[in-house]
Amino acid sequence: MKYIDGSDHCPPQYTNPRNKLNGIENSLYTDWINEDSSIMMWLHSTISESVIPYFSRATTSHELWVSIKERFARASSTHSIQLRTKLLSFTQGIISIPALINEIKMLSDQLAAAGEVISDKEIVVITLKSLNADYILFATAMRHRNPPITSIELHNNLLSEEAVVSERAATLKIDTDAKAFMANVGKPAYKGSHYNSKGSFRGRGYSGGGRFSNPVIFHRFNPGRGYPPPTNQPCKLCLGEDYLAPNCT
């Protein structure tokens, strides 16, 4: 570690000007360079080839290590923010309680690996906030627990509550289906004569299947059975003078 943290400095390459002039290197320098080069090779082997070019200017293992820390610290900080945002905005939706618990645990574990440990109290708050509307009463009761509930207790209670919610939903569906069935039982299917949207009457029993506003007006009297013959009178439809309503055009 003394090479990486910079505590062991590189010895001078030449011990005196004469050796420099003659190209005679310091043996301590040579040994140090060999050791440091081995460490640099090891560091390069631990990072992806796609990011190695970003550290090409490093000449020692200490410089390489500092560059790696600075670059990945920024990436780690960004990643932590993304994980925390996802964790705080996570909602149950239609997934099951076990899937909900596993998702929250996975996100919190990833944050812990990035250096941000989520407390047990925060896990409880996040879990209760993420529950859907079927668990409103349950979540309210858990928030008022004294002493406060732990995440393990909450998870166990949630698994039991899920069975209650499922049974309640099944019962509600049966009741809804039964009411819908009873509402449709005994409804008559109307066929035959009926009034249309303009108030006219269509149907059987009238001569020619005609279309009249009031069938009583157009009843034809039989003059051979004691009724006087019809006389000209104003048409009851258009108020014309010389014809009866059945002849109105």
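Structure notes:
- Each peptide among 91-103, 164-176 gets the average number of other Cβ atoms lying within 10 Å of its residues, and from highest to lowest they stand as 91-103, 164-176.
- Spin-label model, residue 73 to residue 132: label points 7 Å out along the Cα-to-beta-carbon direction sit 4.4 nm apart.
- Normalising the average separation of contacting C-alpha pairs (under 8 angstrom, six or more residues apart) by the number of residues puts the relative contact order of segment 1-103 at 22 percent.
- Solvent-accessible area assigned to carbon and sulfur over segment 44-159 amounts to 59 percent, based on a 1.4 Å probe.
- Sorted into 10 angstrom bins from 0, the C-alpha pair distances of segment 25-67 split as 28, 50, 18, 4 percent.
- Translational D in µm²/s for segment 70-140 (Stokes-Einstein at 10 °C, 1.306 mPa s, Kirkwood Rh from C-alpha pairs): 123
- For the pair residue 5 and residue 153 in one chain, pulling the backbone fully straight at 0.36 nm per residue adds 48.8 nm over the alpha carbon distance.
- Taken over segment 61-164, lysine pairs spaced eight or more positions apart, or on distinct chains, with alpha carbons under 15 Å apart number 5.
- Model label points for residue 37 and residue 145, set 7 angstrom from Cα along the Cα-to-Cβ axis, are 6.2 nm apart.
- Taking one quarter of the surface of the C-alpha convex hull of segment 45-180 gives a mean projected area of 12.4 nm².
- Computed log₁₀ I(q)/I(0) - Debye formula, equal Cα scatterers, no solvent, segment 1-94, q 0.19, 0.23 Å⁻¹: -0.93, -1.11
- Of the whole protein surface, residue 106 contributes about 90 Å² of accessible area at a 1.4 Å probe radius.
- In plain terms, the chain from residue 85 to residue 63 could stretch by 4.6 nm, reckoned as 0.36 nm per residue minus the Cα-Cα distance.
- Inter-label distance, residue 163 to residue 14: 8.5 nm, where each label sits 7 Å from its Cα along the C-beta direction.
- The orientation-averaged projection of the convex hull spanning the C-alpha atoms of segment 107-165 amounts to 4.2 square nanometres.
The values are calculated or read from the model by the stated rules, or taken from the named source; none is laboratory data. Note that the coordinates shown come from a computational prediction; the quantities given were computed from them, not determined experimentally. Heads up, the Cβs are rebuilt from the backbone with ideal geometry, glycines too, and the neighbour counts pull from every protein chain shown. Side chains are part of the model used for accessible areas, which takes the heavy atoms of the whole protein and leaves out ligands, DNA and RNA. Shrake-Rupley method; radii C 1.70, N 1.55, O 1.52, S 1.80 Å.
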